[in-house]
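In what follows, a structure is listed as structure tokens, so that the remarks can point back to it.
The values are calculated or read from the model by the stated rules, or taken from the named source; none is laboratory data. As the structure is a computational prediction, the values presented were derived from the model and not from experiment. Reconstructed Cβ throughout: ideal geometry from the backbone, glycine too, with neighbour counts over all protein chains shown.
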């Protein structure tokens, strides 16, 4: 992503209240997790069912099963639950 996209994502962080549950869409919202400071407790959810998204992993730490809706790798915060697609869609 570009510098301007990262700056936009960083501007969102102060508006995320501690303990909030935030559903991240595709695009710039997927960058928000990279800008949350350590210790900021917010529950970020991907469109594909991970609640507890962490920042983008280092290249050597990528888990191919952990991706956001844009198909880019993410990390999961400790205790992060997942939900199968069939369960979320009814």
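Check whether at least one residue in region 58-72 is under 13 Å from the mean Cα position of the chain (by Cα), loosely packed, with under 15 Cβ neighbours inside 10 Å, at positive phi and not in a helix (DSSP H, G or I), and report yes or no. Scanning region 58-72, I find at least one residue that is under 13 Å from the mean Cα position of the chain (by Cα), loosely packed, with under 15 Cβ neighbours inside 10 Å, at positive phi and not in a helix (DSSP H, G or I), so the answer is yes.
Counting only residues that are part of a loop (DSSP other than H, G, I, E, B) and free of Cβ contacts under 8 Å to residues at least 24 places away in the same chain, which one in region 31-53 is nearest to the chain's Cα centre (by Cα)? So the residue we want is 36. Filtering region 1-27 to residues that are surrounded by fewer than 18 Cβ atoms within 10 Å (Cβ to Cβ) and part of a helix (DSSP H, G or I) leaves 3, 4, 5, 6, 7, 8, 10, 11, 12, 13, 14, 15.
Quick check on residue 33: is it surrounded by 11 or more Cβ atoms within 10 Å (Cβ to Cβ) and at pLDDT 95 or above? In short, no.
Just to be sure I understand, how many residues within region 52-90 are over 21 Å from residue 6 (Cβ atoms) and either touching a helix residue (DSSP H, G or I) at 6+ places or on another chain (Cβ under 7 Å) or at pLDDT 90 or above (or both)? So that I can check it myself, show each step before the final result.
Looking only at region 52-90, we keep the residues that are over 21 Å from residue 6 (Cβ atoms), and these are 52, 60, 63-65, 76, 78-90.
Subsequent filtering for residues that are either touching a helix residue (DSSP H, G or I) at 6+ places or on another chain (Cβ under 7 Å) or at pLDDT 90 or above (or both) retains 52, 60, 63-64, 76.
So the answer is 5.
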